[in-house]
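Heads up, the thing below is written out as structure tokens.
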Amino acid sequence: MSTTSPVTTSARSSAEGTGLRRVALLGNPNTGKTTLFNRLSGLRHKTSNFPGTTQEARSGRVGSDLDGYTLIDLPGIYSIELDLSESAVCRDLLAGRTAIPGQPMAEPDAVIVVVDATNLARNLTLVGEVLRRRLPTVICLNMMDLAKRSGLRLSLASLSEHVGCEVLPICARSGEGVDHIGPALLRATIPNRTPPGEVHALERWAADVAAEAIATAPACTDEEAHALPSEDELLKRRARADRIDAMLVHPVSGTLIFAFVAAAIFWLIFSIAQIPMDALDGLFGTFGEWVASLLPSGFVNDLISKGVVGGISGVLIFIPQIALLFFVISLLEDTGYLARAAFLMDRVLRPFGLPGHAFVPLLSSHACAIPGIISTRAIPDRRERLATIMVAPFMTCSARLPVYVLVTSVLFPTSPALAALAFVGCYALGIGAGLFTALLFRRTILKGSGRPMALELPSYKRPSFRTALLAAYDRSLIFLKKAGTNILAISIILWWLSAFPRTGETAEAMDLRTQATAAVQTGDSNASDLLAQADELDAKAQARNSLIGQLGRFAEPAFRPLGYDWQLTIGVLSSFAAREVFVSTMAVVVTGHESTDDDGVLDRLSSARRDDGVTPVFSAAASWSLLVFFVLAMQCVSTLVITARETGSWKWSLLQLGWMTGLAYVLAMIVYHAMA
Amino acid sequence: MPLTASHQLEGKSLLAMTAGSQGQVVGAGLEEKDAAMLRAMGLRPSAMLRVCRVGEPTIVELVPDGPGVCRSGCRIGLAKSLAARIRVK
């Protein structure tokens, strides 16, 4: 072990005399690093990307704006020196070659290395690599409670002596010892030890330091010794973990458990989340009406009450599903289950060229492809990650559900069982198309052998609700920032396209209103029906003559082979901005009302006729074709933006758009002609 | 001994071990990237391990006896194709 003369430059004075500004948080995966970050920064953090990379950069403010510091949560890594993007980000940040957005490109003022006290030797290898960077460092020895419970005792003095910096025992989960981190950072100096750089020597150094910390640990008191688990108890715990592992990764029992867990997640996001979603929908409906009643009727009223409020509602309505999904995923991850499930899914996904890591992104994509694509960052192999990004939007997201509900209701109005079967078929078609695409891409443009999986299986433990809540908050915020602005803008544009040019009152509507006035005078009860019919006629005329209506007529020949008339073409075109607007667009085009809440509107949709007055808009063949088209087509601008951002190139977004929509077009055409 | 050994490897494949048995890593015929990753995870030459499960996946637990290993049972899941190339004695 080599040593250098002690350096007394503290973190406080090294930050150009202005105090502690930026602190990097580093550690192996599964050391409780994120729990510590959340405990230190709470809700005061933001998520971005390290410039030019897909590595997520989380930074949080600790302490007040005046005397606090920015804590930078670096990706969990086993070594700084590995040829992996997360290791490269850590290397560059510690060397001052990269910075989180908004921060200066300079070395951090101090580094916190989180060490799992129960895995000391391996964690110390990373500590050694950090110490060689010559930055003020504090070591946080986490999971001390677990170490004590398993009978492991460590000498902090010995550890501190060998690493040459302060070592703090903490328990990030309970918060024990966390208060000491701030003062320790202010005292932190550049370590006065320089571990060897050569990998074998570094491993030996780490093993020796760990062995000495254990050997020189103070003897436990009689009371502590009494509380320690017996050898038999430790063996039993180990055997129990073996049995659980074997059960969770077993092809039969593991698959059954996985199916149960997946079904429970689906139930949660499509049943429980529906309650706040409906509440939000109702709230925004009422709010829109209230805003409309406050403003004088006209352009500004329509823009705000329909365009802006409708757009915001279209974004916020998905938050309950996304938050709940990531809350549950975080809980499952914390228990240790997800790592086992990844191996189970590796067996299923590997024949299609996808790794087991892809299952969380694909599962998340069933709520929304955007958080799904973002979570592909956990996939280490670039080609496998790209393949997962390309197929994630095939999974049935919540935005497709209103379309499925509408079309299956039209197809099977008297048979809910058949409608449900068609619904399940849509999910299966999406998954099947995704797997086929993965196989095709991995054998052509993303050719190459995948990296076999090697994953640490964290010990089983009780999940942290605090961490799960923060994960849900974090992911919802990312969704709001990344998708929110796009969906809002698109909703306003769509509203504008459908609202202009103004058609005004039609002759037929005027006639009906005259009849309604006469009916009121004679006391006829049909007056309100006549007025409703007049409104409907005006709305249909507006839809037909609006810019989007003209566009629908112009584009109709392109969609005719799929069985769509100009009305369905308008619905499909508008849904390229965001799928969920299809139903409200069709309601406006066909019935003149945006709402599809009452059964009457659904009846009118299913009985609506084309211009020939005979053929239904939603004929059986056209409906099946529409269903296939919506399962497969890429109709989400926000997803394309995220794909470009995550892959670093619009090339992949355009390929995604072209491939998915092309496949949807061809299959929908085949289905239409087969059914017709 | 490196985990990327190109010479004749001693010991037997991890897949030839039985669940519950213990062994010491003596080498592996792995690609450099995989070898470096496993090494950083603690599965390094001379590491003592206990086999928890053999197959797809193979699960091993690094045991505290011996130099350069985790103090307590850190578990690592390995794809069968990786486990087949890790040699233990």
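The values are calculated or read from the model by the stated rules, or taken from the named source; none is laboratory data. Just so we're clear, the structure is a prediction, and the values are computed from it rather than from any experiment. Please note: Cβ atoms are built from the backbone with ideal geometry, for glycine as well, and neighbour counts cover all protein chains shown.
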Pairs please, first residue from the range A:421-444 and on the phi > 0 side of the Ramachandran plot, second anywhere and exposed (fewer than 14 other Cβ atoms within 10 Å of the Cβ), Cβ atoms under 7 Å, 6+ apart in sequence or on different chains. none
From the list A:F318, A:F258, A:F284, A:F266, pick out the single residue that is farther than 21 Å from A:P402 by Cβ and aromatic (F, W, Y). A:F258
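Rundown of residues vs (1) over 35 Å from the mean Cα position of the chain (by Cα); (2) of a type outside the set (S, T, Y); (3) assigned to a helix (DSSP H, G or I), yes/no style:
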| residue | (1), (2), (3) |
| --- | --- |
| A:A539 | yes, yes, yes |
| A:R560 | yes, yes, yes |
| A:Y564 | no, no, no |
| A:T569 | no, no, yes |
| A:S574 | no, no, yes |
| A:T585 | no, no, yes |
Residues satisfying the stated conditions in the range A:213-242, i.e. of a type in the set (D, E, K, R) and within 12 Å of chain B (Cβ to nearest Cβ): A:R237, A:R238, A:R240, A:D242
Out of the range A:629-663, which residues are over 25 Å from the mean Cα position of the chain (by Cα) and touching a residue at least 24 places away in the same chain (Cβ under 8 Å)? A:L663
The condition from (1) buried (at least 19 other Cβ atoms within 10 Å of the Cβ); (2) over 30 Å from A:L40 (Cβ atoms) that A:L202 misses is numbered (2)
Taking the stated definitions as given, is A:G60 in a loop (DSSP other than H, G, I, E, B) and either within 14 Å of another protein chain (Cβ to nearest Cβ) or modelled with pLDDT under 90 (or both)? no
Search result, residues across the range A:328-344 that are within 12 Å of chain B (Cβ to nearest Cβ) and either under 16 Å from A:R442 (Cβ atoms) or not hydrophobic (A, V, I, L, M, F, W, C) (or both): A:G336, A:R340
Answer with yes or no whether A:D232 is surrounded by fewer than 15 Cβ atoms within 10 Å (Cβ to Cβ), among the charged types (D, E, K, R), modelled with pLDDT under 85 and over 30 Å from A:Y460 (Cβ atoms). no
So A:P101 fits all but one of (1) surrounded by fewer than 16 Cβ atoms within 10 Å (Cβ to Cβ); (2) modelled with pLDDT under 90; (3) out of contact with any Pro (no Cβ under 8 Å at 6 or more places or on another chain); what number is the exception? (3)
The range A:447-473: number of residues that are out of contact with any strand residue (DSSP E or B) (no Cβ under 6 Å at 6 or more places or on another chain) and either surrounded by fewer than 19 Cβ atoms within 10 Å (Cβ to Cβ) or within 14 Å of chain B (Cβ to nearest Cβ) (or both): 17
Which numbered condition trips up A:G151, out of (1) at positive phi; (2) at pLDDT below 90; (3) touching a strand residue (DSSP E or B) at 6+ places or on another chain (Cβ under 9 Å)? (3)
Find the residue count for the range A:356-388, including only residues that are within 17 Å of A:I329 (Cβ to Cβ), in contact (Cβ under 8 Å) with a residue 60 or more places away in the chain and of a type outside the set (S, T, Y). 13
Among (1) part of a helix (DSSP H, G or I); (2) within 12 Å of chain B (Cβ to nearest Cβ); (3) within 31 Å of the chain's Cα centre (by Cα), where does A:G285 come up short? (2)
Looking only at the range A:289-306, count every residue that is part of a helix (DSSP H, G or I) and surrounded by fewer than 19 Cβ atoms within 10 Å (Cβ to Cβ) and tell me the total. 12
Could you list, in sequence order, the residues of the range B:44-66 that are more than 7 Å from chain A (Cβ to nearest Cβ) and modelled with pLDDT of 90 or more? B:L49, B:R50, B:V51, B:V54, B:G55, B:T58, B:V60, B:E61
Listed residues A:A392, A:A399, A:A341, A:A387; which is part of a helix (DSSP H, G or I), buried (at least 22 other Cβ atoms within 10 Å of the Cβ) and touching an Asp or Glu at 6+ places or on another chain (Cβ under 6 Å)? A:A399
Single residue of A:V209, A:V252 found to be modelled with pLDDT of 80 or more, closer than 29 Å to B:I59 by Cα and within 12 Å of another protein chain (Cβ to nearest Cβ): A:V209
Selected residue [in a helix (DSSP H, G or I), touching a residue at least 40 places away in the same chain (Cβ under 8 Å) and of a type in the set (D, E, K, R)] from A:D346, A:D278: A:D346
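Listed here are the residues, each with its yes/no results for (1) touching a residue at least 40 places away in the same chain (Cβ under 8 Å); (2) surrounded by 20 or more Cβ atoms within 10 Å (Cβ to Cβ).
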| position | (1), (2) |
| --- | --- |
| A:E166 | no, yes |
| A:S174 | no, no |
| A:G182 | yes, no |
| A:T194 | yes, no |
| A:G197 | yes, no |
If you scan the range A:23-48, which residues turn out to be modelled with pLDDT of 90 or more and in a strand (DSSP E or B)? A:V23, A:A24, A:L25, A:L26, A:G27
Please work out which one of (1) in contact (Cβ under 8 Å) with a residue 40 or more places away in the chain; (2) over 32 Å from the mean Cα position of the chain (by Cα); (3) within 14 Å of another protein chain (Cβ to nearest Cβ) is the condition A:D245 fails and give its number. (2)
So is A:V138 outside any loop (DSSP other than H, G, I, E, B) and free of Cβ contacts under 8 Å to residues at least 60 places away in the same chain or not? yes
